[in-house]
Every structure is written in structure tokens, then in C-alpha cells.
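Here, each number is a calculation from the coordinates, and none is a lab measurement. Because the structure is a prediction, the values reported are computed rather than measured. Counting neighbours? That spans all protein chains shown, and the Cβs are built from the backbone with ideal geometry, glycine included.
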Amino acid sequence: MSGMFDGDAERQEELPPRGGRSTRSRTLIITAAVLVVLFLVLTGFSSFWTERLWFKSTGFGSVFQTLLWTRVGLFLVFGGVMAAVVALNLALAYRARPMLLSGGDANLARYRDAVSPVTGWLFGGISALMGIFAGASAAGKWREYSLWRHATPFGSTDPYFNRDAGFYVFELPWWHYVTDFVMALAVIGLLAAALVHYLYGGIRLSVPRDRISGAAQVHLSALLGVFVLAKGADYWLDRFDLVTGSGSLFTGMGYTDEQAVLPAKEILAGVALICAVLFFLNIWRRTWLLPSMGIALLALSAILLGLIVPGVVQQFQVRPNVPDKEGDYIAANIEATRAAYGLDEIEVSPYTREPDPKNADLEALDAITSSVPLLDPKVVSPTFEVQQQVRGYYSVSNVLDVDRYNIDGKDRALVLGVRELEQSGLRAEARNWSNLHTVYTHGNGVIAAYANQRPIDDETQSGTIQWAEGQEISQSALTDLSPDGYESRVYYGERSPSYSIVGKSSDDGNDVELDLPKGVRDDENQTTTYDGDGGVPIGGLFNKLIYALKFGEPNLLLSGRVNGNSKILYDREPRTMVEKVAPWLTVDSDPYPAVIDGKIQWILDGYTVTDRYPLSQRESLETMTDDSLAQDNGFQTLPTDEINYMRNAVKATVDAYDGTVKIYAWDEDDPILQAWSEVFPGIVQPKSDIPDSLMEHLRYPDDLFKVQRYQFARYHVTDAKDWYEDNNRWEVPKDPRTKDLLQPPYRLFTEGADGSSNYSLTSVYVPYRRQKLASFVNVDSDATSDTYGKISVLELPDELTDGPEAISNEISSDEDVRSEVFSFSQGNVTPVYGNLLTLPVESGLMYVQPLYAQRSDTDASFPILRFVLVSYGGRVGIGTSLREAIADVLGVAATDPTPTPDPDPDPGQTDPEPSGSVNDQIRSLLAQAEAKFEAADQAQANGNTVGWARLMEEGRDLITRAVALADERDSQAATGN
């Protein structure tokens, strides 16, 4: 390129020598600059290389390669095109410069003289810089490009352009980017050419005539023609955006759009085409009159047709007659929205039952409500920590999870959490690098409690949690599900440290990672060593160096704890892991743990979303999923948080011990999932590969249900006129405990139409800004059920039933409840109201709310369940159990039914202490032992080996106690005492 600039050598003037700066200063500056650049390069390389190693360690190296080569390809193609176009325009402008200049600006002459010696380097640098910017922008469009390459039809078309929805979702975004890129090429090329022409005299603004040379005029006319032509294509594509654009009333095409904006876009596209032709003709005609008139016409048309005419139509035709003008468009929006969010199959039925406490049957109501969860997943989290934390550096989630397990042949709802590592619980003196990253590396075990049961202390009438799984040996309902228990160590979780170094500390085989085997409560440290497949080997010098750069930690290079046996675990939060290996997914905000086949598995729901589904209502995903239990959602939704289509495309699992990630297709008919499965082949396993043991724990996802209930609140109305009048709009009620946040959905066992018990996710609606109950909604959440995902809505008669806020006020104002709450305050105890549950029973709706007590005079207190509150048929009941509260409502005695023998008593329960004479105590112990042996035989018959062993040992202990009592009795008899 330098050859084209040789002609300037004769015009160069000798510049005065530079002064001032010493050689030493220049050397220091150059050295500092080199070091900074080197540091940035090494840091960037370490991030890139460690990312590659992470993907390789998880078994998803193909995802990294696909992402890398797609981005690199886009960068090179678009960056190369931009650099070439800029360089070409700079070179053409330079070659077309006037060789003989008369007059002109003296300052420009000095600039020309300064630039001429380095013109080639300068032009090359500018071209490369523009290419880098363009390439980086294009690399960020890998999603749009990938979907365009693998577009899949939806099978539904819009009524205005008769285009398949896939065109709007997959193709249109990419074509928009291409047209924008062409316009950017023309604009940047135009600016570069104009600057060179001006610098070298092709454009002279200081002379009265011939301000633009012929060559410059040809050059600029061609670039302007390309720009206007691309703008015309952009106008043409903008037509299709009318079916996805957000209006003031709804998303999609409206009357003004079709009657004014759409014709305007078509006319503007035609005008732009004419203007482009005029600019291209200017290459030969050499006059700016016609192109100038064309540009003026385009600008005038854009203002008149694009702004004024639509405003007039909206103001004088639509606003006075909105129901008539917008009716058909609202109907199209309703139909599309219901299809995009899966609302079109929701079954709405009237619910006319009225509660009748006078004639209700306690036994029938007790049977229906026996599975109602009394443990609030948010309230009891501190109780889990205090009673099952064991060590100060363990913790559970602030909001626990709810799952169901088949225990002793019966589906049981459990409130559970993982005992995860909480390094902030360590003393400040112990928080050194070695402890934080090589000793305290993992959590341990699952804590679970029966959601609907609690024993009552007869003397204190205080409720304690009935543990299903805990730290004690006897708390092992989940451990007993597998013959060998389950792997309790949790290296991958929601609270895992930023990184941990695991593996043998040295070749002598010492274990240094602190562990917590079941039942251990003493101060003697238990240690272990991670031997899972997950993690990146970090023993080599190169890996030590790049990870030291990544985490900014020299100890990774210097510490003896990092050796040839070591692995480094990082980026191990389950949601982050799934988002990385499937970067096209939006992952549910609530991963939940399950004990499956001897392992703790984190289960996650993955969604495919878009904001480009034609005519469907667009809304912020965070807004739709926000409620009183929602934590920091942080959704990965691209390109925007606003969506108008959502599908539960996949179910994913992350092994809590070794980090194995598996992704299974769930909605295999989803076109977006099909497209991404072609982009990343082999990543998503077919639905048929889901193990039965996992299927039992899959459930209808929370965030999808929240989105659907948010949209259905308005889109249960299918008549356009009624929708516009907004006279039957519903809304999700406020949580009575927070007043400013929405009530979350709750998981309950509800009674099906055939009398069966269905595991459901439930919620309620109230009329918009009213306190009456409008409807009860539930979805079958059991993935093994044939009716999984079926949403049913029970619509109540107007103004007959109070909503949650009104019921909460009614309960808290009840005289008996107020009396108990007042008694709390007399003993430095704070009442804590649990979640207010709504459930349909035999003759109406019943509200159930647990009431907890928590001491206010100590930081070590935790909530204790004291009472259960019930509202039914306008009456309020209170009791220490749900049965008692229902009996209080009905005004009958709450005599408990005769208990049935339990072949395998809950491990959380203790055997009654024998009383009476010594002989009576011996007989009682032997009877208990016999019951244990019978239960052990039953457990063995059921294949429960662990339960059999536990029951046999407990029976032997009882016999040992009986023998000891007999020996003591005989000894006393022998001595005459």
C-alpha cells in the first residue's frame, strides 16, 4: 500500500527536531505500556483458556468449540468486510485527490504535510480498528446467526403478512442486522472518504465554486446511493416489525399500524429506492439537484407519513372509536397470546360450592386436609439451621424447597434443603487462603421434614418439626431409599465457594477437606478427599499460572496444597452451569435438590423464550415472576428481559458431588428447541432417556406457572370487547404477610375429579383491585401423570367469597387468635404468620395458615409452630393441629382417630419410656422389641435393607435394657433388698 503514497516524498518538509523528553522517560513509558499490554493479553488468554478447560471438564467441549468458531467466523467475515470497505474508500479518496492545489486552507496544508509520511500506516490502522469494532459487534450476534441458519417453522402464520411465526423469530432479526451493517458500511465509508477528500483538497469549503471535485462527487454519490438503498430495505423489513411492536394498548398490529404506518413504510421504501437511483445517476450527471430533491422528499415523507399521518389517524379515528376500530386487532392479540404462553388449553369451570360448617363432617374434612403442608418453606429455614446446622459454617437456603417422596408406600410432601457450606460462618482468624480454598470445600447432606406433620409436646403444647432426614442416625427416611444410602458430600451447590482445590494434599495420602459424616457431633475433625470426575487438573505449572492469573491469587503457584493430585472446582452453581453449557436457555430461578439413586441431584427447568412471536403480548419476565418468595432472579434472557413466548423446553440435572450436567428434552415440539438442537447437536438428550427415578421428582416449574398466571389474569377473557372494557380482569393477590408483594404459588396435594390425590401447584385470583376471591387455579405438577401440565381454574360467583387479604384480616381479628397472639407478647415472643393456603374441600374453599412463635429477646431464636389457623364458611378456628382447628370451626370435639400400626415407624420418633413396676417395665420393653422385629421383617420384605438393620439394632437395644432390668431385679431379690 505504501507505493501509492510515494508521490508525496518530494513535498515533505523537514520538521524541527523534537525536544524536551529524555531517553530515560521514553524508555519508562514504553516499558510501562508494554507491561500493561502484556498483562491484558495474559489476563485475556487466561480467561479464554480456563473457560475452555471448564467446558472440557464438564464434557461439553463441543459447546465451547461451536461458540468459539461461530464467533470467530462472524468476527473475521464482518470485521474483514468492514476493514476492506474502509481501506478501499480511503485508498480511492486518496488516489482521486487533486495533484495540483491552488489556494486553500494553510492549516490543512500543515496537516497534509504531517500525515503524508505515515499515510499508509494511518489508513491501515483506521481500517483495522473499524474492522475490530465491526467484528466484535458481529460476534455478539451469534445467536441471531445460528437461529437464522437453522430456522424451523412454527406451523402458525400471522393474519397480516401470512408469514410463519418462525420468520419473525428466526429470520427477521438476522436480516435486520445485515441491513444495519450495510448502512454502517456506507456511513463509515462515507465519513472516511469525505475526510480524505477534504484533507487532500477534493472537497474545499473555502472557495466559491467547484467545491467538490468530480472524483469526490462520484465517490460520495455511490456511497450515499448504497446507504439510501439499504435504508429502503430497512423500511421494507420494518413493515414486519408491526406485528411484534408494543403499542399503548397491546402488542402487535393495530388499526393505525395497518391503515397508516404500514402504507407509510411501503411508500418510504419506494421513495428510498428512487433516491438511491438518483444518487447512482449522479455518478454520470454530476449534479446534486436531483439527489438533493430526493433526500428532501424522503425526509418530508418520513415526517409526514411516518409521524403526522399516523398521529392524525390515531387521534381522530381510533381514539373516539377504540372498540370498533381495534376489536379485530385485539382479538388477534388475544389468540396469539394464549397460544404463545400455553393458555389456550386451560380449563375454566364454575365453582358454586358454599362452605357449610354446621353440616360438615370432621372425619371427611380431616381426610381431605391430612396432606396440607403446615411448614412454611421460608419461615422454617432458621429452624432447619439451628436444629440441623451442626456446625457454624453450614447453612441452608433462605427459602427451602418442597418435593415429594414415596415413603413407606405413600407419597409424602417434604420441605427440604441442602446443608451447604457457608464460609462466612468461620471465625475471622480461620479465614485464610488455605482454609477457605482447600479445607472448607463442600457441604454435606440433605435436611428434610414432613411438610404436614409435627408432634406436639403435651406439657408445653409447643410444636417441633418431625424430621424425615437429618444429622441423627435415626433421621434417615431419604437415606433408606437406597440400599447403600446416598452420597452426601455437596461440592456443587447454590452457595459453593468461588473455587476450591481438592484432591490429596500430597503423595502421602493425607485428607485435608473437612467433612461431616452422619451422626458425628463431637469436636474431632473428620476429613475426606474428593475423588469425583468433575474439576480441572491443576497440578502442572502452566495450569497453576493461568488460574493464578484468572483468580488473582499467587498461592495457586506457591502453595504446597496445589500438587499433582489437585483439581480446581469453580463455576459450580447449578444454574450457572446449565446456562453455560446451554447458553440459549433461560433457567428457572429455583433449582431444587432431590435424592435420586443414591445421589443428590439438583433439578432445573430450562425455558426457550423470545420477544418476536407475532401479535403476542410482551412483558418483563422478572415482573411476571416476582412475588414474596422470589429471590434474585437474574434471568439470562437475550436479547431482552421482555418476552412474549415461553416454553418449558428442557429438564436438567446437576450432580451435587461431581458436577455432571445432563439436559433432557421436555417439550420436543418446541421449534426453538429444535433449532438449538441443530446448532448444538448431541447436547440435549431425548425425553425418552429420562430415568423413571428422576421422572418421579420432576414437577411443573414455578416460573412458567407464574408467567402463565400473570398473563391469564387478563387473557382468560377471550371476547375483544370485554377485554378492552377490562370489566372482568383478575390479578394475583398481595401476600397478606408483605402487603406489597404478590402471593407466591404453593404446592399441595389436591383432590382430583375422581377422588384421587394430585400433586399440584396452586394459586388464586382476585378481581382487579378488589378483595374478593375470583378463582382458584391449579396445575397438575406430577410429571408421571397423564394429566401433567393441565391447568384447571375454578371460577367463583361474583362477590361471594373473601380473598386472601380479607381472610387474613378476619383471622388476625378473631378473638381467640388475638388472645393467643397477646399471650405471645407477654413472654417476649413474636408471632410469625405462615403462608395462607387456599384449598378446595368437599363443600367449598378452606383457608389454612400456620402460626409460629419466635422469641424476640435472643438472636439464637427460631420459629416454632404453635397453632394452626383455619377459616371456613365465615368461621375461624384455632388449634395445635389442623384437625383441632377444623374441629374448632365446626364446633365439635377433636378426638383423634385410632392410630394404625406403622410397620416402619418414622425414624424421627422415639419409643415411649416404660413405667410402672419393674416387671411392667420389662414387659413393655420386650413388647417394644417385638414390635421392632416385626417392623424389621416387613422392611426386609419391602427391600429396605437399611431400615431393616436400624430396626433390628433398636430391637436388640430394647432387649438389652430388659435383660439389665431383670438382672437388677434378681440381684436385689438375692440380697433381700
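Rank by packing, highest mean first: peptides 285-292, 367-374, with packing defined as the count of other Cβ atoms within 10 Å averaged across residues.
Descending mean neighbour count gives 367-374, 285-292.
Tell me, what is the Rg over Rh of region 366-447, with Rh the Kirkwood radius over Cα pairs?
Working: Rg = 16.5 Å, Rh = 14.6 Å.
Dividing the radius of gyration by the Kirkwood radius yields 1.13.
Could you pull out which residues in region 533-558 have an amide N less than 17 Å from a spot 7 Å beyond the Cα of Phe48, following the Cα-Cβ vector?
Output list for this probe position: 543, 546-547, 549-550.
Give a residue-ordered list of calculated ³J(HN,Hα) values for region 422-437 (Karplus: 6.51 cos²θ - 1.76 cosθ + 1.60, θ = phi - 60°; whole Hz; x for Gly, Pro).
These are the phi-based 3J(HN,Hα) values: 10, 5, 5, x, 6, 5, 4, 5, 8, 8, 9, 4, 4, 5, 5, 10 Hz.
Taking each full run of DSSP H in the chain as one helix, which ones are at least 18 Å long along their axis (Cα atoms) and have mean Kyte-Doolittle hydropathy of at least 1.6?
289-303
Report, for the chain, the % of DSSP beta bridges that are antiparallel, rounded to 5.
If I count the DSSP bridges inside the chain, around 95 percent turn out antiparallel.
Cut-off under 17 Å on the C-alpha distance; same-chain residues fewer than 8 positions from Lys739 excluded. Which lysines are left, in chain and number order?
Lys378, Lys772
P(r) of region 21-179 in 10 Å steps, Cα pairs, percent per bin?
Pair shares across the bins are 9, 19, 24, 22, 15, 8, 3, 0.
Putting +1 on Lys and Arg Cβ atoms and -1 on Asp and Glu Cβ atoms, find which of Gln636, Thr586, Ile538 reaches farthest to the positive end of the dipole of region 528-644.
Ile538
Amide H of Ile596 versus every other amide H placed in the peptide plane: which residues, excluding those fewer than 5 positions away on the same chain, fall under 5 Å?
Gln601
Roughly how big is region 353-421's charge dipole about its Cα centre, with Cβ charges of +1 (Lys, Arg) and -1 (Asp, Glu), in debye to the nearest 20?
Approximately 300 debye in magnitude.
Mind ordering 763-771, 348-356, 147-155 by average Cβ neighbours within 10 Å, highest first? Walk me through the numbers on the way to the answer.
Details: 763-771: 18.6, 348-356: 13.9, 147-155: 16.7.
Ranked from most to least packed, the peptides come out as 763-771, 147-155, 348-356.
Could you run the Karplus curve 6.51 cos²θ - 1.76 cosθ + 1.60 with θ = phi - 60° over region 343-354 and give me ³J(HN,Hα) per residue in whole Hz, x for Gly and Pro?
Here the 3J(HN,Hα) series is 8, 6, 10, 6, 9, 10, 9, x, 10, 10, 5, 10 Hz.
Once amide H atoms are placed 1.01 Å from N in the peptide plane, what residues at a sequence separation of 5 or more from Ser760, or on another chain, have their amide H within under 5 Å of its amide H?
Amide H neighbours of Ser760, under 5 Å, 5+ apart: Leu748, Phe749, Thr750, Ser781.
Pop the C-beta distance of Leu965 and Glu725 into the FRET formula with R0 = 60 Å and round what comes out to the nearest 0.05.
Once rounded, the FRET efficiency stands at 0.15.
For the pair Val322/Ala151, report the inter-label distance in nm, with labels modelled 7 Å from Cα in the Cβ direction.
Reported label-point gap for Val322 and Ala151 is 3.6 nm.
Specify the inter-centroid distance of region 190-244 and region 831-856, based on alpha-carbon positions, in whole Å.
So the two Cα centres are separated by 71 Å.
Along Cα→Cβ, 7 Å out, is where each label goes; now give me the distance between the ones at Phe161 and Ser474 in nm to one decimal.
So the two model labels end up 7.0 nm from each other.
Nearest 0.05, what FRET efficiency do Glu258 and Asp511 give at R0 = 60 Å with Cβ-Cβ as r?
The calculated FRET efficiency here is 0.25.
Given R₀ = 30 Å, FRET efficiency for Arg855-Asp740 by Cβ-Cβ distance, to 0.05?
The calculated FRET efficiency here is 0.65.
Taking the Cα centre of region 59-237 as the origin, how large is its charge dipole in debye, to the nearest 20, when only Lys and Arg (+1) and Asp and Glu (-1) carry charge on their Cβ atoms? Display every interim value, and only then the final one.
Details: 13 positive and 9 negative charges, 103 e Å.
Approximately 500 debye in magnitude.
On alpha-carbon atoms, Rg over Rh for region 800-890 using Kirkwood Rh?
Expressed as Rg/Rh, it is 1.00.
Viscosity 1.306 mPa s, temperature 10 °C: Stokes-Einstein D of the chain from its Kirkwood Cα radius, in µm² per second?
47
Non-local amide H neighbours of Arg618 (under 5 Å, H modeled in plane, Pro and chain starts lacking H): which ones?
Correct list: Thr251.
Could you sort 809-815, 326-332 so that the peptide with the highest average Cβ count within 10 Å comes first and the rest follow in order?
Details: 809-815: 14.7, 326-332: 19.3.
The densest-packed peptide leads the list: 326-332, 809-815.
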